[in-house]
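A quick write-up on the structure given underneath.
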Amino acid sequence: MQYWAQGALALGILFRKYRGEPEQIQAKLPKLVGSIDTLLAGGGYDAFPLARLPDPDELTPFVRGGFARDADDEIWTHINVDGGYDRVQSPTFHIGGWYDCFIGETLRQYEAMKERAQAANRRPPRLLVGPWTHGEFGSTVGDLDFGIGSSGAFLNYRGDLTEAHLRWFDATLKGEEGPLEEGPPVEVFVMGENRWRGYAGWPVPGAREERWHLHGDGRLSREAPGRSEPDEYDYDPADPVPTVGGAILMAPIHRPGARDQREVEARADVLLYTSEVLRDDYTALGPVQATLFAATSAPDTDFVVRLVDVHPDGRAIVVTDGVIRASQREAFPAPSVIRPAGPKPVEPGRVYEYRVDLWATGITFGAGHRIRVQVTSSSFPRWDRNPNTGEGPDSARTEVARQRIFHDPERPSHLTLTVVDV
């Protein structure tokens, strides 16, 4: 939010605020540009507490104001599109990327509009998902290249993204259905096998859920866990796990996409759970969710879960990830809940069940690869650091939290993948 507001909005706000006052602009512009450059260089997020993030001349006060709002604040209900789909009368075409920071909402909105179209007997929505990041539609995404047919310039060698738009507009506005009907209503790119697949709808017909359990010896397996002691690590807000790739919308220095996680995985505050080498291709295509049974020594903390594709050469490529704030564990129980609950501090040492939304993915883990789950408590500066104190956003005090992850028959921490037959 800070980078988007400073980089995309603040300059325009400055020039509008002081229109006709060139001496004011000349005086204030260097400080604003300096704050933006600091964020672009990667070091501007270190301010703690969040209220100290730079905002020269208070040009973007809504960002700082948002830091102080809990999940149950009425402003979120006001801007929440959930529950308002009945007011949308237009046909819709939903476009997203597996490494786009909005992919979770893109898929949810497609499903909502599909239900509305079915109820009203109207044209169903269309869905197109590539391996892309936000606003970037090339074939190279992070450390991987998915082939020229994955890019928005070629789209499975059937024309570029603009032509896809035009086919939809011609059918929707002109009634020229033929070109649009040549392709299925849902087209998604499956990474790993690096090809497009077409379906009648989303979620994919015939898809099923499979659980991958975390085990005490570091295994990730579909077998139910046995008796084991919890794994432990310390999370220090003063030394957070750095953000490396993923579905991020940040300054260009923080490269998004399919990036190698081995540097992250070498840290003592990152737990790893890895499957055996896959004998056959295994395709995950749909929602991804993690269920953690965890305890912390702090009154509040965060848990981060990351899905990783381990290549035969050892590269550990991020697929998707998610985060949950312990005090907000009951804030968003289901998409249908329009007014979420407020924060609830945790009791230190008590085991809670946390459901971490990793949004969705489309990937074939190839034979010879392994599936890995990382568990940690930060990804900075993608997500703000939890100080582990339970205090408000104006506090600069931090504590080290001792985290415990359970994986036994009564507390079976696991990852849930939506899979389809290859």
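For this structure, a couple of remarks:
- Residue satisfying all of: in the stretch 326-359; under 18 Å from the mean Cα position of the chain (by Cα) and at pLDDT 95 or above; nearest to P393 (Cα to Cα) among these: A326
- Residues in the stretch 397-419 include none that are on the phi > 0 side of the Ramachandran plot and assigned by TED's automatic domain parsing to the domain that holds G286.
- The stretch 128-154 - residue that is outside any strand (DSSP E or B) and without any contact (Cβ under 8 Å) to a residue 40 or more places away in the chain and, of those, farthest from D82 (Cα to Cα): I148
- Output for the stretch 359-375, where each listed residue is in a strand (DSSP E or B), over 26 Å from D302 (Cβ atoms) and among the small types (G, A, S): G362
- Residues in the stretch 79-97 that are without any contact (Cβ under 8 Å) to a residue 24 or more places away in the chain and farther than 22 Å from H165 by Cα: I79, G84, R87.
- In the set E177, E163, E193, only one residue is under 17 Å from R122 (Cβ atoms) and assigned by TED's automatic domain parsing to the domain that holds P91; that residue is E177.
- As for the stretch 252-268, it holds no residue that is crowded, with 17+ Cβ neighbours inside 10 Å and closer than 28 Å to E330 by Cα.
- R64 vs. criteria on the phi < 0 side of the Ramachandran plot and in contact with a Phe, Trp or Tyr (Cβ under 8 Å, 6 or more places away or on another chain): no
- Looking across the stretch 120-173, the residues that are touching a strand residue (DSSP E or B) at 6+ places or on another chain (Cβ under 6 Å) and either modelled with pLDDT under 95 or of a type in the set (G, A, S) (or both) come down to G130, S139, G142, S150, N156.
- Among residues of the stretch 25-37 that are surrounded by 12 or more Cβ atoms within 10 Å (Cβ to Cβ), those with a beta-carbon under 6 Å from a residue that is outside any helix (DSSP H, G or I) at least six positions away or on a different chain give the pairs I25/Y18; S35/P54.
- Filter pass, D321 being over 17 Å from H414 (Cα atoms), among the acidic types (D, E) and within 20 Å of the chain's Cα centre (by Cα): no
- Flag if Q2 is under 22 Å from the mean Cα position of the chain (by Cα) and closer than 13 Å to D57 by Cα: no
- For the stretch 103-127, the set of residues classified as under 18 Å from the mean Cα position of the chain (by Cα) and without any contact (Cβ under 8 Å) to a residue 60 or more places away in the chain consists of E105, T106, Q109, listed by residue number.
- Looking across the stretch 393-407 at every residue that is more than 25 Å from the chain's Cα centre (by Cα) and over 21 Å from D269 (Cα atoms), the one that is modelled with the highest pLDDT is identified as A396.
The values are calculated or read from the model by the stated rules, or taken from the named source; none is laboratory data. Predicted model, so just to flag it, every value in this text is computed and none were measured. Because the Cβ atoms are built from the backbone with ideal geometry, glycine has one as well, and the counts that use them run over all protein chains shown.
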